[in-house]
1. In deg cm²/dmol, rounded to 500, what helix-only [θ] at 222 nm does the chain give when every DSSP H run of at least 4 residues adds -39500 (n - 2.57) and the total is split over its residues?
2. Say each of LYS83 and GLU152 gets a label point 7 Å from the Cα, pointing the same way as Cα to Cβ; how far apart are those two points in nm?
3. Between region 38-93 and region 110-189, how far is it from one alpha carbon centroid to the other, in angstrom?
4. What translational diffusion coefficient, to the nearest whole µm²/s, does the chain have by Stokes-Einstein, given a Kirkwood radius computed over alpha-carbon pairs, a temperature of 10 °C and 1.306 mPa s viscosity?
5. Could you work out the local net charge near SER162, counting Lys and Arg as +1, Asp and Glu as -1, over the other residues with Cβ closer than 15 Å to its Cβ?
6. Collect residues whose amide H, placed 1.01 Å from N in the peptide plane, falls under 5 Å from the amide H of VAL52; neighbours closer than 5 in sequence don't count.
7. Let me know the longest stretch in the chain that avoids all GluC sites (Glu not before Pro) found in a DSSP loop with at most 13 other C-beta atoms within 10 Å.
8. Taking K and R as +1 and D and E as -1, what net charge do the other residues with C-beta under 12 Å from the C-beta of VAL177 add up to?
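None of the figures in this text is laboratory data; all of them are computed from the coordinates on show. These numbers were taken from a predicted model, which means no experiment stands behind them. Quick reminder, even Gly has a Cβ in these numbers, built from the backbone with ideal geometry, and neighbours come from all protein chains shown.
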Amino acid sequence: MKFVIEHLEPEVYEWCLIEYEHISKIVHRSNLIFSNIKNKNDIPKLKKYGKVYEKSFSELKLDKICILSQYSDKALTTIDKNKFGYFVVGGILGDNPAKRRTNTITNNLKKNKIKFETRNLGDEQMPTDNAIYVTKKILEGLKLSDLKFVDEIEIEIDENESISLPFRYAVDGNKLVINEKLVEYLRKREEF
């Protein structure tokens, strides 16, 4: 089973690269595909984390596709691992409220007459690395209801300032599923 990130940003921003590195550690680079990488300068950055395509995955002639979308009527379950070979997420950390940019993926598949189904991981928006983490855990045998989540986290920048991230994060044991590099990146950013 392969995990596909259809990159929907104009370039691979630093925060994207941090999330993508984390995803590669979660599922292993041999199981990770990046598609729709339009900026040729981004390709070498991503090759150490997975297979990279400039084309949209809808042009790669794949089959047994599952698009993960919070708007799907059907939740992902463990039995889906036998039905699908590719689990696709949009490489975006969307706006709050969400703008439904994952529709770009489904519209491209429809336009190219490619069969697919959709599944949800609940109705809250997750960062890309958390969506992949949750997908992997469900495919390994857990139910969505077995997983713990925190909706919206706050990252302290200094004693007078913090950043609120209004997304759903998984909790593994007592530890939030977030790349510490991302936390450090957010703390060092100058503009908010």
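1. Numbers: 5 runs with 49 residues, N = 192.
So the helix-based figure for the chain works out to -7500 deg cm²/dmol.
2. Taking the two extended label points, one gets 3.4 nm.
3. Between the Cα centres of region 38-93 and region 110-189 lies a distance of 16 Å.
4. On the way: Rh = 17.1 Å.
In µm²/s, the coefficient rounds to 93.
5. Values: positive: ARG187, LYS188, ARG189; negative: GLU152, GLU154, GLU156, ASP158, GLU159, GLU161, GLU184.
With Lys, Arg at +1 and Asp, Glu at -1, the neighbours total -4.
6. Under 5 Å from the amide H of VAL52: PHE34.
7. Numbers: sites that count: GLU11, GLU140, GLU159, GLU190, GLU191.
With a cap of 13 other Cβ atoms within 10 Å, the longest stretch comes to 12-139.
8. On the way: positive: LYS25, LYS136, LYS137, LYS148, ARG168, LYS175; negative: GLU19, ASP129, ASP172, GLU180.
Result for the neighbourhood of VAL177: +2.
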